[in-house]
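Asks: This is the structure I have questions about; it appears just below.
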């Protein structure tokens with residue numbers, strides 16, 4: 001466990017991640033947020049305990065905000081990916097209209 005009184009006890013990576021590594025990490029983080037949401041919802045579906053519903057409901061809402069923030073970051077850092085995502089949205093809209 002780090003000693004926060006000592007500045008040098010805080011971990012610093014040897015090198016920065018590359019742009020590709022950062023994008024992969026952000027995509028993984030988005031997936032992790034959705035996985036957490038699913039886990040919390042499954043727990044809530046498994047009980048009628050109001051305390052659990054209240055606490056996990058708030059946490060679930062936070063996870064959704066985190067996923068949104070990460071998605072926005074991905075959109076900014078990778079306009080090429082965003083273009084593909086929007087093409088998928090458009091195709092889906094067209095398929096629904098059929």
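Asks: Taking every alpha carbon pair in the chain, what does the distance histogram look like in 10 angstrom bins from 0, in percent?
Replies: Pair shares across the bins are 13, 25, 28, 25, 7, 2, 0.
Asks: Percent relative contact order of the stretch 19-97, based on C-alpha pairs within less than 8 angstrom and at least six residues apart?
Replies: This gives 37 percent for the stretch 19-97.
Asks: Given the DSSP H assignment, sum -39500 (n - 2.57) over each helix run of at least 4 residues in the chain and divide by its residue total; what's the result at 222 nm in deg cm²/dmol, nearest 500?
Replies: -26500 deg cm²/dmol
Asks: Give, in nm to one decimal, the length gained when the segment between residue 58 and residue 16 is fully stretched (0.36 nm per residue of separation minus the Cα-Cα distance).
Replies: 11.7 nm
Asks: Based on alpha-carbon positions alone, could you give the equivalent ellipsoid semi-axes of the stretch 33-83 from the gyration tensor, as √(5λ), descending, whole Å?
Replies: Taking √(5λ) for each Cα gyration eigenvalue gives 30, 10, 5 Å.
We did not get these values from a lab; they are worked out from the coordinates using the rules stated. From a predicted model like this one, the values you see are computed outputs, not experimental measurements.
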